[in-house]
Amino acid sequence: MYPLQVRSWFESLSAPEQNLFIAVVILLAGLVVGSIAAFSVRRVLVAAGVDETVEGTPFERTARQLGSSTVQLLAQLSGLFVFAVAALYAARTIGLVPEPALVETIGRFLPRLFVAVLVVLVGLVVADKAELVVDERLKSIKLPEVTVVSTLLKISLLYVAVLIALSQLGVATGALLILLAAYAFGLFFLGGLAFKDLLSSAAAGIYLLMSEPYAIGDEVEIDGHRGIVQEIDVFVTHVERDGEEYILPNRKVLREGAVRIRGE
């Protein structure tokens with residue numbers, strides 16, 4: 001009997017009142033479904049270990065300062081998208097958006113906007129994480145040029161993320177490809193200039209490791225620095241004497257030469 005009473009009550013309402021009731025139901029349904037979507041996305045991201053992966057990134061620290069987290073922001077974005085779609089059709093029901101074509105246009109644009117925002121957020125997180133990983137891997141290389149590697153990688157990932165986001169929003173693909181080509185050219189050109197010394201040190205290091213003019217434990221003098229060789233890697237040679245450690249780029253070793261000191 002209860003459903004019949006509700007139906008009878010609904011039919012007794014005027015058309016505007018019926019539309020308002022339907023709009024409220026749509027909004028409530030959107031709120032419920034959006035909350036379920038946000039909860040589900042959060043559970044999936046946590047189960048996948050995303051919260052642990054992004055720990056320590058600048059984006060995560062910023063989110064923490066705002067009282068949130070990366071996982072929570074992604075989950076809230078999913079829920080907000082569902083509620084936005086519900087709000088759009090609720091507005092259409094009560095006549096706030098009179099043109100059906102406009103509703104269809106907005107309805108097609110919202111998913112693209114959601115994907116674009118999601119791509120930018122994921123790009124920020126991935127770029128931050130990549131920067132941390134590269135810095136960690138290269139921290140043993142005591143050359144100033146190395147610090148640029150992680151920064152260039154982060155900028156490149158963000159650039160690609162922005163291009164993908166713009167393509168989702170309908171920006172012409174041709175223009176995006178031109179921008180990408182210009183960025184790649186600038187990256188290789190400027191990167192070649194910035195890493196010229198780094199590459200020459202790497203080439204010299206490979207030569208030194210293969211020819212072995214000196215070994216760990218040998219006493220040498222390189223560019224006026226005399227001491228015991230502690231470590232030789234692709235980029236630098238570590239020489240220590242009286243508690244002082246000299247970190248010499250291998251390009252300088254090859255250019256200046258190394259004098260091996262025999263027992264005195």
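Table for the structure above
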read-out: Breaking point among (1) free of Cβ contacts under 8 Å to residues at least 12 places away in the same chain; (2) under 23 Å from ALA130 (Cα atoms), for GLY67; value: (2)
read-out: Positions within the range 237-259 being among the aromatic types (Phe, Trp, Tyr) and touching a helix residue (DSSP H, G or I) at 6+ places or on another chain (Cβ under 8 Å), in sequence order; value: none
read-out: Top-ranked residue in the range 176-204 [being farther than 30 Å from LEU163 by Cα and at pLDDT 75 or above; ranked as least open to solvent (accessible area, probe 1.4 Å)]; value: ALA204
read-out: Top-ranked residue in the range 229-245 [being in a strand (DSSP E or B) and open to solvent by 60 Å² or more (accessible area, probe 1.4 Å); ranked as nearest to ARG137 (Cα to Cα)]; value: GLU231
read-out: Scope the range 67-100; condition outside any helix (DSSP H, G or I) and either under 19 Å from the mean Cα position of the chain (by Cα) or crowded, with 18+ Cβ neighbours inside 10 Å (or both); matching residues; value: SER68, SER69
read-out: Hits in the range 26-35 (condition: more than 13 Å from PHE81 (Cβ to Cβ), open to solvent by 70 Å² or more (accessible area, probe 1.4 Å) and β-branched (Val, Ile, Thr)); value: VAL32
read-out: Residues that are of a type in the set (A, V, I, L, M, F, W, C) and in contact with a Phe, Trp or Tyr (Cβ under 8 Å, 6 or more places away or on another chain), drawn from the range 233-264; value: VAL239, LEU254, ALA258
read-out: Condition check for SER156: hydroxyl-bearing (Ser, Thr, Tyr), out of contact with any Lys or Arg (no Cβ under 9 Å at 6 or more places or on another chain) and either modelled with pLDDT of 70 or more or under 30 Å from VAL82 (Cβ atoms) (or both); value: yes
read-out: First in the range 235-261 and at positive phi, second anywhere and open to solvent by less than 60 Å² (accessible area, probe 1.4 Å), Cβ under 6 Å, 6 or more apart; value: none
read-out: Residue in the range 41-50 that is part of a loop (DSSP other than H, G, I, E, B), buried (at least 18 other Cβ atoms within 10 Å of the Cβ) and touching a residue at least 12 places away in the same chain (Cβ under 8 Å) present; value: no
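The values are calculated or read from the model by the stated rules, or taken from the named source; none is laboratory data. Everything quoted here is computed from the prediction, not taken from an experiment. Cβ sites come from the backbone with ideal geometry, for glycine too, and all protein chains shown count toward neighbours. The area values use the complete protein model at the heavy-atom level, side chains included, leaving out ligands, DNA and RNA. Shrake-Rupley method; radii C 1.70, N 1.55, O 1.52, S 1.80 Å.
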